[in-house]
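Working notes, beginning with the structure itself.
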Ligand code: UD1
Ligand code: MG
């Protein structure tokens, strides 16, 4: 019964093996901090209580816990004296007599299904302790499960495991379910291990076994138990995480010819029938509708893309980019905090920030919304069917009316009414015959280019061509 479940998440370890200065459980996996993944599993299991165990001074982690799971309790383990001691610190918040599930903040790939299966086994077999076992490709650092049939007798930490146990027994994923009414007695009996001056949670198994209480283990997918103690293991976990998202999206009908080149965040949402071309990166907060196409080498974050819209190749959508149906965002276009209404286009080389672009408006290559004056951001409004000529600077705040046309190369500083034509650029000079005289003055190629002195300045090329 879900209401009787308490989940304890152990996260008081310093994570010194990560060597990064960042608390271990705040390292990112699919752009979420590790601990947020574990909190999400606890929430989906519908736990009556969630308790996160932290060490003193872990304020950043506490803030993250409050942000992603406001209902969770925070227990402070002061000082941290091992995994068994951490569970003792959480004791006061547990539902009396319910089932207790211990998850690890550094084991973020645990799925709801695997945790639920472990809980079922604990309850169905009337076990005092049920442990998640695994057979990972790299067994280094994990405790080993000493089994007798399907009964678990003992967990032996790697440094104490003898040859056979070390090489062939399943590894301890750490994730453990307890019959709550027996847990207190086991915790009270835990010995202080002299080699590390710690209380090991794993010792509860031998204690329960000695009392004649049943202990069991289920071997689950090793990825679920992948413990992160180093940057190497974090990168391994990221690979597993990305593969899982790819498989889930493909199974749901997202069209993705090279899934191994596409990267997702934990909250990426892509509807079936959307097309994702190779080498696309999704940051947090992206929603892609069915029938949208994200072309190769695009980077999206905090963006919504509606059906029929095409983004990229080589486009960047930043937070607040909202593309309505049939919008076109082409190569080297950046969109930030901007709404592009249905059918609007910016096909090449543009920056659209803090803007609203009306239906079917066309933004020419090289157009920039100059949204920042060095102190504040300002808005650009572009009406439906407006045509913004290439290389236009729209100096915000500014508004372009519906159906208005802006001549290429304009710097627009004042509002342009509906249906008006605005041109704001210096007039072209044409000096008849001047090319010929200029050429006559030309010095042989080995010497310097024709120059004209500029008052008080450096000589300037007349033609301005490049070589
Ligand atoms: C532990 C297990 C090992 C298992 C492995 C799985 C013990 C003694 N060993 O080893 O059998 O195979 O996990 O990954 O339990 N923590 C606290 N307070 C503490 C110490 C640790 O909250 O005082 C937390 C850590 O933040 C971490 C988790 O408990 O989230 C595990 O601690 P860690 O030091 O990583 O244990 P392992 O050496 O990996
Ligand atoms: Mg660990």
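The values are calculated or read from the model by the stated rules, or taken from the named source; none is laboratory data. Keep in mind that what you see is a predicted model, and the values were worked out from it rather than measured. Cβ atoms come from the backbone with ideal geometry, glycine included; neighbour counts cover every protein chain shown.
Restricting the range 287-300 to residues that are outside any strand (DSSP E or B) and either touching a residue at least 24 places away in the same chain (Cβ under 8 Å) or more than 18 Å from the chain's Cα centre (by Cα) (or both) leaves a set whose member that is surrounded by the fewest Cβ atoms within 10 Å (Cβ to Cβ) is 290. The strands (runs of 3 or more DSSP E) located wholly in the range 338-424 that include 2 or more residues which are within 26 Å of residue 308 (Cβ to Cβ) occupy 345-357, 380-382.
When the range 268-283 is filtered for residues that are surrounded by fewer than 16 Cβ atoms within 10 Å (Cβ to Cβ) and either over 18 Å from the mean Cα position of the chain (by Cα) or in a loop (DSSP other than H, G, I, E, B) (or both), the ones remaining, listed by number, are 272, 273, 278. Residues considered: 464, 407. Of these, the only one that is more than 30 Å from residue 386 (Cα to Cα) and either at pLDDT below 95 or surrounded by 11 or more Cβ atoms within 10 Å (Cβ to Cβ) (or both) is 464.
Please verify whether the range 199-214 includes one or more residues that are more than 30 Å from residue 79 (Cβ to Cβ), exposed (fewer than 15 other Cβ atoms within 10 Å of the Cβ) and either more than 12 Å from ligand 1 (Cβ to nearest atom) or touching a residue at least 24 places away in the same chain (Cβ under 8 Å) (or both). Yes; the residues of the range 199-214 include at least one that is more than 30 Å from residue 79 (Cβ to Cβ), exposed (fewer than 15 other Cβ atoms within 10 Å of the Cβ) and either more than 12 Å from ligand 1 (Cβ to nearest atom) or touching a residue at least 24 places away in the same chain (Cβ under 8 Å) (or both).
Looking across the range 160-203, just one residue is at pLDDT below 95 and within 16 Å of ligand 2 (Cβ to nearest atom), and that is 196.
Applying the condition of being under 30 Å from the mean Cα position of the chain (by Cα) and more than 16 Å from ligand 2 (Cβ to nearest atom) to the range 76-94 and asking which residue is surrounded by the fewest Cβ atoms within 10 Å (Cβ to Cβ) yields 76. Which one is surrounded by the most Cβ atoms within 10 Å (Cβ to Cβ), of the residues in the range 313-325 that are within 21 Å of the chain's Cα centre (by Cα) and assigned to a loop (DSSP other than H, G, I, E, B)? Going through the qualifying residues, I end up with 315.
Checked against (1) modelled with pLDDT of 95 or more; (2) on the phi > 0 side of the Ramachandran plot; (3) more than 10 Å from ligand 1 (Cβ to nearest atom), residue 127 passes all but condition (2). Evaluation of residue 229 against the conditions (1) surrounded by fewer than 19 Cβ atoms within 10 Å (Cβ to Cβ); (2) more than 11 Å from ligand 1 (Cβ to nearest atom); (3) not in a helix (DSSP H, G or I) shows that the sole unmet condition is (2). Residue count for the range 21-75, restricted to those that are touching a helix residue (DSSP H, G or I) at 6+ places or on another chain (Cβ under 7 Å) and either outside any loop (DSSP other than H, G, I, E, B) or within 16 Å of ligand 2 (Cβ to nearest atom) (or both): 27.
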